[in-house]
Amino acid sequence: MILPSFFADSFYETILALELFLQSIVNGTIQSGFFALAAVGLVLIFGVMGVVNFAHGELVMVGAYTVWFLHAQHSTPFLITIVIAILVVTVIGILMEKFLFRPMRDDPLGGLICSIGVLFILQVLATLVGGDGPSKQVPPPFEGTMVLFEFLRIPYQRLFSIAVSVAALGLLWHFLTHTKLGWALRAVSQDREAASLQGINSNRISMIAIAVGAAMAGLAGALMAPLTNINPHMGHNVIITAFIVTIVGGVGSLSGAVIASVLYALFHTFVTTYFNGTVATISGLLIMVLVLIVRPTGIMGHRVSE
Amino acid sequence: MKLSVQDLEVNYNNVAALKQISLEVSDGAFVTLIGSNGAGKSTTLRTISGLVKPSGGRICLDDQRIDMLSADKILRLGIAHVPEGRRIFKDLSVAENLYLGAYIHQDKAQIDLDLDKVYSRFPRLEERKGQHARTLSGGEQQMLSIGRSLMSRPRILLLDEPSLGLAPIIVQEIGHILREINQQGVTVILVEQNADLALQLADYGYVLETGRIAMQDKAELLADNEHVKKAYLGI
Amino acid sequence: MSTHTQRPARRKFLKKAAAGTVAATTASVFPNIVLSANKTLTVGMNIPMTGDYAPWGLPGLYGCEIIANNINKEGGVNIGGETYDIKVASYDHGYDTEKALQGFKKLVLEDDASMVMMLGGSTVAAVLPWATRKKVLTTTLLPSDITPDSDYLVATCESHPLYNVTGVEWLAKNFPDVKSAAIVTNNDAEYGLQSAATYQAAFEVAGIEVVDTHLHGFDVTDFAPIVSSVLAKNPDVFCMATSFYVTPIMEQLYHQGYKGKIISCTLDYYDEIIAKTSKEFVNGTIFQFPDFDDPKLQESGVNFPDPAGFDAAFRKDHPNDWSAVAWEYPAILLNWLDAAKAAGSADSESVATTLKANKQEFIFGGGDWWGSQLWGLDNALVGRWPIVVIEDGKARIQEYGDVAGWLSSNKDVLVKHMKELGLRTV
């Protein structure tokens with residue numbers, strides 16, 4: 001059968017447009033995993049300790065550097081380097097809590113300034129370890145691309161990343177909702193004093209919060225390592241995204257941060273695809289400002305009583 | 001367990017909030033601190049439970065000094081504090097709030113028994129155990145706050161203004177429950193602006209005025225005192 | 001281990017250390033006396049050695065040090081009857097304009113540099129007023145830095161991005177079926193937009209339709225959406241005009257199953273790209289920067305001494321640092337030395353005059369002074385430029401294109417596209 005040419009053209013174009021739309025959903029979903037891993041740590045640390053951790057993007061960067069150093073430079077198996085990256089970043093987080101945030105407990109601004117100091121220190125350390133020069137690259141341990149319906153393409157490396165991100169977020173959710181320590185953590189973030197009246201040692205909980213938050217950041221960095229340019233300044237974009245997601249989701253709300261991560265990743269991906277990345281970032285920041293004006297508690301936050 | 005407070009002094013930014021407060025609370029007693037707003041009642045409770053550090057004096061539980069211990073350690077010694085304004089964890093469920101009350105205990109079986117006891121005392125909490133605590137009414141939130149503190153198996157229970165903002169009928173219900181708790185052997189120290197209720201419930205009372213103990217006596221005698229009647233009972 | 005058996009080894013070590021210390025002290029106190037009797041001629045490099053732009057600075061310093069060492073080993077260079085050893089003084093401005101000016105003054109005033117090599121862009125603009133006033137010959141890799149106000153700024157090697165036209169010309173000649181192209185580049189006016197305009201002009205001249213020009217910022221962490229959106233336009237050629245992000249873009253092209261031609265301004269660290277994708281995928285990619293072990297560079301007409309030896313020496317000392325600029329700053333240095341020899345003086349004014357008066361031999365041959373039609377002054381030296389293609393995982397020159405020739409017939413098209421993107425033209 002011979003189709004009229006205008007029909008063939010528009011049919012072909014419709015298929016192309018549909019392909020692009022579905023591929024964008026795939027692209028956005030994969031992005032959302034990183035956004036969420038980075039943002040939940042920021043939310044946890046802010047919630048429990050009242051400190052905005054400006055060095056959070058650098059924790060992600062250290063995770064990525066660990067994988068680059070051990071896997072790309074010294075051929076350690078990728079999965080082992082993920083575990084080591086999580087451990088390294090967790091230890092950094094614990095040291096930050098013990099030596100900076102705890103002495104600054106009653107001074108959130110002091111804590112913030114300390115975290116900016118850590119940001120610079122970690123950037124310099126990364127330069128010392130990795131040297132200067134071009135961004136580092138990690139060859140992807142999982143090669144190849146899964147092709148669905150002959151047009152949707154998901155590289156196995158990204159499939160692995162999203163699976164691990166979802167699993168880690170699921171574990172975190174289980175920890176927070178089904179374990180006593182998780183309840184204690186949420187209790188401290190809601191009312192530190194009332195929590196101490198239940199016998200909850202808030203120093204210990206702060207340490208657990210930053211350890212969990214840092215571990216998530218380390219994991220995000222480790223998973224991103226094979227997919228992005230690794231350099232000492234890569235944390236910058238991470239923290240901006242994490243701030244947007246945290247504010248849109250509702251400061252202090254973990255579920256809000258995860259939901260906002262998914263929404264923002266899809267939004268950013270679609271705007272980047274159909275307009276461009278600069279428009280996407282600017283409109284993302286505008287949405288953040290809008291949320292601050294219209295609904296300062298974010299999509300999942302509650303108004304603070306008292 | 002005997003709680004004794006001797007010459008307690010507390011300063012907030014160099015302003016004296018408590019000046020040489022002394023209390024003696026024997027095992028199983030029901031004691032109340034009454035006084036007007038800002039007299040130092042809450043500060044006294046907060047200092048006993050370790051939220052505020054004193055600048056002078058001492059607090060002893062039997063023979064042990066506890067005034068330098070942190071709040072979580074003091075709870076472990078058996079002193080629980082139901083804070084002013086309830087301070088329940090609003091984004092946690094009712095059941096999670098209660099389990100957190102038992103944070104210091106590890107024995108699962110006993111914790112579940114304690115939970116059953118709280119539920120039988122406050123049946124409305126059981127009906128709402130899966131809900132977020134923020135969805136509870138004011139009275140239910142106060143019950144949750146009391147129930148939560150009972151989960152720690154306290155020997156001494158400190159309560160700060162439990163009647164605040166509640167309907168009279170609920171206030172009566174809470175008063176009833178406090179008496180029950182005391183009859184089961186828990187020492188109760190109640191801070192109240194509702195002096196009428198407090199003196200009905202307690203066997204001994206202290207009157208605080210501007211950070212000092214102005215008067216102390218058996219509760220029924222205080223209720224008859226002319227000054228107390230005029231200043232606190234509105235008679 | 002017993003201390004007894006260690007003792008002789010330890011003594012030997014101490015002796016060596018002592019000798020080394022004496023030697024080092026002597027060398028640092030009397031460097032010229034110990035090493036050579038020649039006078040010293042200092043050239044400055046005011047370049048980014050740290051930060052995002054470091055790949056376009058640091059490898060050039062390594063390259064210049066190799067060249068300077070070779071010259072000094074062979075007895076130095078004779079200028080105006082005096083023999084000099086070459087010293088390379090460097091300053092890391094980290095692509096910061098204030099530091100660039102500070103570094104420039106330091107190189108000229110303290111190190112006594114006779115000329116200063118720079119990368120270009122805002123850092124050159126920052127030093128230009130001072131350099132012009134002090135009459136210090138300055139070189140850039142970006143001819144778009146050239147202004148009618150300064151005779152002392154020249155671009156004698158890379159004319160970014162004019163040479164890109166040669167790759168497109170070659171592509172159109174060898175793949176006549178190619179009808180459409182999409183351009184992706186970062187959106188800065190110094191590198192990205194200049195290059196995008198040049199590619200647009202080159203495609204127009206070659207009769208290839210540009211179906212999409214996608215500009216992106218420096219904050220991109222994931223190129224999946226950008227590549228998806230560009231590939232939806234179904235281009236026959238995917239063009240990376242200039243990018244810090246060639247590697248992640250290539251990775252996305254690979255994963256999203258792109259099968260068409262790829263042309264890129266640079267393909268720095270292409271072995272890493274191969275590691276992230278596959279050799280088969282990268283093979284056939286067209287770009288503009290050769291490796292120096294390339295057999296075509298050993299042929300006559302190339303004005304660079306022993307390219308293969310230079311390539312080997314560089315990779316021996318700095319195995320992972322080769323980039324586009326590794327040979328460009330050395331080429332600039334050699335070109336300047338030739339002019340100084342001809343002028344009989346290293347004085348900026350005489351060298352500048354000699355440079356401009358003589359028809360210079362460009363590194364790849366040819367060499368016309370050009371630029372007044374675009375930037376107001378003929379201070380960019382353009383000549384032949386290689387078209388490089390990856391063959392079996394290795395960069396190989398296919399042939400040389402004629403940049404000056406293209407410019408003379410198609411300048412108006414280039415000006416039109418530069419204007420469209422809001423770039424400065426005279």
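The values are calculated or read from the model by the stated rules, or taken from the named source; none is laboratory data. As the structure is a computational prediction, the values presented were derived from the model and not from experiment. All Cβ positions, glycine included, derive from the backbone under ideal geometry; neighbour counts span all protein chains shown. Surface accessibility is based on the protein's heavy atoms, side chains included, excluding ligands, DNA and RNA. Shrake-Rupley method; radii C 1.70, N 1.55, O 1.52, S 1.80 Å.
Looking only at the range C:56-69, which residues are part of a helix (DSSP H, G or I) and touching a residue at least 60 places away in the same chain (Cβ under 8 Å)?
The initial filter retains those residues of the range C:56-69 that are part of a helix (DSSP H, G or I), namely C:56, C:58-69.
C:W56, C:L58, C:P59, C:G60, C:L61, C:Y62, C:G63, C:C64, C:I66, C:I67, C:A68, listed by residue number.
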Checklist entry - Going through the range C:39-87 one residue at a time, which ones are on the phi > 0 side of the Ramachandran plot and away from every other protein chain (no Cβ under 14 Å)? => result C:G75, C:G76, C:G80, C:G81
Checklist entry - Among (1) within 14 Å of another protein chain (Cβ to nearest Cβ); (2) buried (at least 24 other Cβ atoms within 10 Å of the Cβ), which single condition is A:A260 missing? => result (1)
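Return yes when B:K117 is more than 24 Å from A:R186 (Cα to Cα), open to solvent by 20 Å² or more (accessible area, probe 1.4 Å) and not small (G, A, S) and no when it is not. Working first, answer last.
Working: more than 24 Å from A:R186 (Cα to Cα): yes; open to solvent by 20 Å² or more (accessible area, probe 1.4 Å): yes; not small (G, A, S): yes.
Taking the combined requirement at face value, the residue satisfies it.
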Next on the checklist: If I filter the range C:410-419 for residues that are open to solvent by 20 Å² or more (accessible area, probe 1.4 Å), assigned by TED's automatic domain parsing to the domain that holds C:V168, within 30 Å of C:A308 (Cβ to Cβ) and not in a loop (DSSP other than H, G, I, E, B), do I get at least one hit?
Outcome noted: no
Checklist entry - Do any strands (runs of 3 or more DSSP E) entirely within the range B:174-235 hold 2 or more residues that are buried (at least 21 other Cβ atoms within 10 Å of the Cβ), and if so, which? => result B:187-192, B:204-209
Checklist entry - Inside the range C:70-183, counting only strands (runs of 3 or more DSSP E) that do not spill past its ends, which hold 2 or more residues that are among the polar types (S, T, N, Q)? => result C:82-92, C:137-139
Item to check | Among (1) more than 26 Å from A:A211 (Cβ to Cβ); (2) open to solvent by 20 Å² or more (accessible area, probe 1.4 Å); (3) assigned to a helix (DSSP H, G or I); (4) not β-branched (V, I, T) - the single one A:Q23 does not satisfy | outcome: (2)
Checklist entry - Hey, does the range C:271-285 have a residue that's within 14 Å of chain A (Cβ to nearest Cβ), touching a residue at least 60 places away in the same chain (Cβ under 8 Å) and crowded, with 18+ Cβ neighbours inside 10 Å? => result yes
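If only one of C:V351, C:V426 is open to solvent by less than 10 Å² (accessible area, probe 1.4 Å) and over 30 Å from C:S278 (Cβ atoms), which one is it?
The unique qualifying residue is C:V351.
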Checklist outcome for this item: Expected single match for buried (at least 24 other Cβ atoms within 10 Å of the Cβ) and within 14 Å of chain B (Cβ to nearest Cβ) among A:L219, A:L223, A:L197 is A:L197
Checklist outcome for this item: Within the range B:44-73, residues over 18 Å from B:L190 (Cβ atoms) and either within 12 Å of chain A (Cβ to nearest Cβ) or touching a residue at least 60 places away in the same chain (Cβ under 8 Å) (or both) come out as B:G50, B:V52, B:L61, B:D62, B:L69, B:S70, B:A71, B:D72, B:K73
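Yes or no, residue by residue, for (1) modelled with pLDDT under 90; (2) over 23 Å from B:D7 (Cα atoms):
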position	(1), (2)
B:E127	no, yes
B:S163	yes, yes
B:L166	yes, yes
B:V191	no, no
B:G211	yes, no
Next on the checklist: Take the residues in the range A:155-174 that are surrounded by 20 or more Cβ atoms within 10 Å (Cβ to Cβ) and within 10 Å of another protein chain (Cβ to nearest Cβ); name whichever of them is nearest to A:H74 (Cα to Cα).
Outcome noted: A:Q157
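I'd like to verify a number: residues in the range C:36-54 that are among the small types (G, A, S) and either open to solvent by 30 Å² or more (accessible area, probe 1.4 Å) or assigned to a loop (DSSP other than H, G, I, E, B) (or both), how many? I'd like the intermediate steps shown before the answer.
Applying the first criterion (among the small types (G, A, S)) to the range C:36-54 yields C:36-37, C:44, C:51, C:54.
Now drop any that are not either open to solvent by 30 Å² or more (accessible area, probe 1.4 Å) or assigned to a loop (DSSP other than H, G, I, E, B) (or both), which leaves C:36-37, C:51.
Here the count works out to 3.
Confirm whether A:A184 is surrounded by 15 or more Cβ atoms within 10 Å (Cβ to Cβ) and either on the phi < 0 side of the Ramachandran plot or hydroxyl-bearing (S, T, Y) (or both). Spell out the reasoning first.
Working: surrounded by 15 or more Cβ atoms within 10 Å (Cβ to Cβ): yes; either on the phi < 0 side of the Ramachandran plot or hydroxyl-bearing (S, T, Y) (or both): yes.
So A:A184 fits the description; yes.
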Next on the checklist: Checking B:A109 against (1) open to solvent by 10 Å² or more (accessible area, probe 1.4 Å); (2) touching a residue at least 24 places away in the same chain (Cβ under 8 Å); (3) over 23 Å from A:Q190 (Cβ atoms): exactly one of these is not met. Which one?
Outcome noted: (2)
Item to check | Residue that is farthest from the other protein chains (Cβ to nearest Cβ), among those in the range A:230-257 that are closer than 22 Å to A:M61 by Cβ and of a type in the set (S, T, Y) | outcome: A:T246
Checklist entry - If B:G85 passes every condition in (1) touching a residue at least 60 places away in the same chain (Cβ under 8 Å); (2) farther than 18 Å from B:G211 by Cα; (3) part of a helix (DSSP H, G or I) but one, which one does it miss? => result (3)
Checklist entry - Taking the range B:140-170 as the region of interest, how many residues are part of a helix (DSSP H, G or I) and either within 12 Å of the chain's Cα centre (by Cα) or buried (at least 19 other Cβ atoms within 10 Å of the Cβ) (or both)? => result 11
Checklist outcome for this item: For the range B:125-137 the number of residues that are within 12 Å of chain A (Cβ to nearest Cβ) and open to solvent by less than 30 Å² (accessible area, probe 1.4 Å) is 1
Checklist entry - Name the residues in the range C:211-230 that are within 7 Å of chain A (Cβ to nearest Cβ), open to solvent by less than 30 Å² (accessible area, probe 1.4 Å) and not in a helix (DSSP H, G or I), would you? => result C:H214, C:H216, C:G217, C:V220, C:D222
Checklist outcome for this item: C:C265 vs (1) modelled with pLDDT under 90; (2) closer than 30 Å to A:H268 by Cβ: all pass except (1)
Checklist entry - In the range A:200-216, which residues are open to solvent by less than 10 Å² (accessible area, probe 1.4 Å) and away from chain B (no Cβ under 14 Å)? => result A:A209, A:I210, A:G213, A:A214
Next on the checklist: Where the second residue is among the polar types (S, T, N, Q) and modelled with pLDDT of 90 or more and the first is more than 24 Å from C:Q194 (Cα to Cα) and surrounded by 20 or more Cβ atoms within 10 Å (Cβ to Cβ) and lies in the range C:119-135, which pairs have Cβ atoms under 6 Å and are six or more apart or on separate chains?
Outcome noted: C:A131/C:T138
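Residue by residue, here is whether (1) open to solvent by 60 Å² or more (accessible area, probe 1.4 Å); (2) part of a helix (DSSP H, G or I); (3) on the phi > 0 side of the Ramachandran plot; (4) without any contact (Cβ under 8 Å) to a residue 12 or more places away in the chain holds:
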| residue | (1), (2), (3), (4) |
| --- | --- |
| A:L16 | no, yes, no, yes |
| A:F46 | yes, yes, no, no |
| A:E97 | no, yes, no, no |
| A:P103 | yes, no, no, yes |
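Which residue, of B:D67, B:D7, B:D72, is in a loop (DSSP other than H, G, I, E, B), surrounded by fewer than 24 Cβ atoms within 10 Å (Cβ to Cβ) and of a type outside the set (G, A, S)? Please lay out each step first, then the result.
Numbers: B:D7 fails: in a loop (DSSP other than H, G, I, E, B); B:D72 fails: in a loop (DSSP other than H, G, I, E, B).
Exactly one residue qualifies, and that residue is B:D67.
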Checklist entry - Would a scan of the range C:145-167 turn up a residue that is in contact with a Pro (Cβ under 7 Å, 6 or more places away or on another chain), open to solvent by less than 10 Å² (accessible area, probe 1.4 Å), under 17 Å from C:I363 (Cβ atoms) and among the hydroxyl-bearing types (S, T, Y)? => result yes
